[in-house]
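Colleague: Structure provided below as structure tokens; questions to follow.
All of the numbers you see were taken from the coordinates with simple rules; none came from a lab. Nothing here was measured: the structure is a model prediction, and the numbers come from that model. Every residue, glycine as well, gets a Cβ built from its backbone with ideal geometry; the counts of neighbours run over all protein chains shown.
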Amino acid sequence: MTSQNNSKTGFSRRSALRMMAAGGAAGLIAPNLLGKPAFASTPPATPTGRIVVGLSQEPTVFNPLMPHIEVDDAFDFSVFDALFRINADGVIIPNLATEVPSQANGGISADGLNWRIRLRDDVTWHDGTPFTAEDVKYTLQLIVNPDFRAWRTTGHSLVRDITVVSPTEITWRMEEAFAPYLSFLTETFMVPKHILEKEADPNQAAFNQAPIGTGAFKWGQRLAGDRLELVANPDYFGEGPYIEQLIFKYIPDMTVLYAQFKSGDVDLVGQAYISPDHYQEAKNLPDRVVTAEPKGSVESIYLNQELPQLQDRAVREALYLAMDRTAIIDALYYGVPSPTETFMPPQSYYFNPNLPKQEFNLDRARKILDEAGWVPGADGIREKDGVRLSFSNSTTVGNHLREQTQQFLQQTFGEIGVEMTIANLPPAVMWGEYWGLSQFESAMVGITYLVGGDPDVTYRFHTDAIAAKGGNGSNNAQYSNPEVDALLVEGSRTFDPEKRREIYFKVQEIIRHDLPFLPMFAYTNVYGRKAGIEGFEVNTNTRTESWHAAAWYWA
């Protein structure tokens, strides 16, 4: 696809790629907006029409700084802006800032500790109030406020001495160098100080149910359990929006979601996209554009390490041996996804290809459990020290492929003397405190572990990221390994890509050995949209198909 200049920025994706080629790793920071592919038609001068995005899970968290899941990102990226974003080429680009700070341009000091950010002067909140550096300061301080339920504080907790130099300039000091922080800021959406500072408790603010952002779309209305309607922001400073309405329609049954895409009730299929069993038919549908794209998410069985029966590594190893991944991928998922042994996406520079390959071996699984002292009881289910080798597995109701996978695993686990019961829940319940505070026993879940493509996974695997124990993060397996903790700290302070690669290779080796989760496959998502939609672009560096809905329009 060729690129054309964006009239609001004067830079194209081709320019960014040239800078990357010239600047090597430093070229991953390039100066301007989201890059717009050239299409045969021209976007409308004023917003026209609407696009309905079908989602199998319902967006329910509308404060972008609070704990949320992938599907909520579709809303966040449309209503809010960050200082920077990461585009489909993996280039970090300005959003609310005028440039991406670097050591080369003086925005970041040579030691990585002192930061200076210059902001746009033409941005307003949806209520007409000017956006300023005071909003940035407020946002960064709110995230680390101990009374606020923040999604993640990693990196932000190192920020000190935030100084508003002017309405368009802000500085701060990092307590210690933190290499991933620029990437983290691409998903740190700014919130309005003038609204939230008046609230006694920002966790319960009215804003959280009808938010005001600076993004291309404004809050319209929410019909809980049905849809979320956004409307065009005519005063948006960036590209677009080109449509009047952006609607996220909630269809929990994946088969029904696909049927509504076929019938035309849904214009574009969002998460969890078109299920692999429909791919062959979907790609031959008339007037539809359907593609399979590798994504950064990994599907796995997450094991809550607080359960006595799952604390034994022998049990986790036996469960992995009793998982017939080849049959699951080929028979249930029609060979669309790829097997993996790690949380790191295969397309990442930090992906470790040398990890031991899982094998399906029920005899070996039984032997491991025998040697570990897990003895079959009268009903065939193993026991040890009064603990029965039984646990529940939960995922979202209505995801038929996950439900079929659960039934398949339930059978094979039973053959080695392990009882796995099925306890599925509606998405809003499943991905609430049940998941976030580790109330599940095991879960079937797809997770994007990287933020903005950076390999740091502190908030997923560090002991201090266990929310159920008062930590800040999404270490929902409650995994704890001092060696991994130390490596994650080292990796976050290391800027050299080669050295970081060594560190994260080792992290992957240890986690593959410990098996706090059982990897099944790396996702290949099947995207579908009506042929008339232009401006759509897949971005594997974000968690949502709607990362740049501002660019969408009807040809």
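Colleague: Of LYS295/LYS499; LYS295/LYS357; LYS295/LYS384; LYS198/LYS218; LYS137/LYS295, which sit over 29 Å apart, Cα to Cα?
Modeller: With Cα atoms farther than 29 Å apart: LYS295/LYS384; LYS137/LYS295.
Colleague: Let me ask you something else. Taking every DSSP beta bridge that has both residues in region 295-524, what percent is antiparallel when rounded to the nearest 5?
Modeller: On the way: 18 of 24 bridges.
Among the beta bridges of region 295-524, antiparallel pairing accounts for roughly 75 percent.
Colleague: Please arrange PHE391, PHE75 by counting, for each residue, the other beta carbons lying within 10 Å of its beta carbon, fewest first.
Modeller: Values: PHE391 21, PHE75 28.
Placing the least packed residue first, the sequence is PHE391, PHE75.
Colleague: Return, ordered by residue number, the residues of region 180-216 whose backbone nitrogen is under 19 Å from a label point located 7 Å along Cα→Cβ of ARG120.
Modeller: Under 19 Å, as judged by backbone N against the label point of ARG120, lie 185-194, 212-216 of region 180-216.
Colleague: While we're here: Can you tell me which of 439-449, 286-296 comes out highest on packing, and rank the rest after it, using the mean Cβ neighbours within 10 Å?
Modeller: Taking the mean over residues of other Cβ atoms within 10 Å, the ranking is 439-449, 286-296.
Colleague: Can you list residues from other chains, or at least 5 along the same chain, whose modelled amide H is less than 5 Å from the amide H of GLY473?
Modeller: Long-range HN contacts for GLY473: ALA467.
Colleague: What is the distance in Å between the Cα centres of region 411-484 and region 300-377?
Modeller: Measuring centre to centre over Cα atoms gives 15 Å.
Colleague: Right, something else. Between 0 and 90 degrees, rounded to the nearest ten: what's the tilt of helix 482-492 against the longest Cα principal axis of the chain?
Modeller: 20 degrees
Colleague: Ok, one more. Tell me the Kirkwood hydrodynamic radius of the chain in angstroms, computed as one over the mean inverse distance between distinct C-alpha pairs. Let's see the in-between values first.
Modeller: On the way: mean 1/r = 0.0410 Å⁻¹.
Value: 24.4 Å, from the Cα pair sum.
Colleague: Here's another thing I want to ask about it. Excluding residues on the same chain fewer than 8 positions from LYS506, give the aspartates and glutamates whose Cα lies under 18 Å from its Cα.
Modeller: Output for LYS506: GLU341, ASP454, ASP456, GLU483, ASP485, GLU490, ASP496, GLU498, ASP514.
Colleague: In what sequence, highest mean first, do 162-174, 313-325 appear when ranked by Cβ atoms within 10 angstrom?
Modeller: Packing order, densest peptide first, comes out as 313-325, 162-174.
Colleague: Let me ask another. Are there any trypsin sites (Lys or Arg not before Pro) in region 467-515 that are in a DSSP loop and have at most 16 other Cβ atoms within 10 Å? List them by number.
Modeller: ARG493
Colleague: If R₀ is 22 angstrom, what is the calculated FRET efficiency for the pair ARG160 and ASN105, using the beta carbon separation as r and rounding to 0.05? Before the final figure, lay out the partial values.
Modeller: Numbers: r = 22 Å, r/R0 = 1.00.
Approximately 0.50, to the nearest 0.05.
Colleague: Packing-wise, with mean Cβ within 10 Å as the measure, how do 231-237, 300-306 rank, highest first?
Modeller: Most protected by this proxy first, the peptides run 300-306, 231-237.
Colleague: Compute the helix-to-body angle for 70-79: its Cα long axis versus the longest principal axis of the chain, expressed 0 to 90° and rounded to tens.
Modeller: 10 degrees
Colleague: Now, a different point. How far is helix 400-414 tilted, in degrees, relative to the longest principal axis of the Cα atoms in the chain, given as a value from 0 to 90 rounded to the nearest 10?
Modeller: 30 degrees
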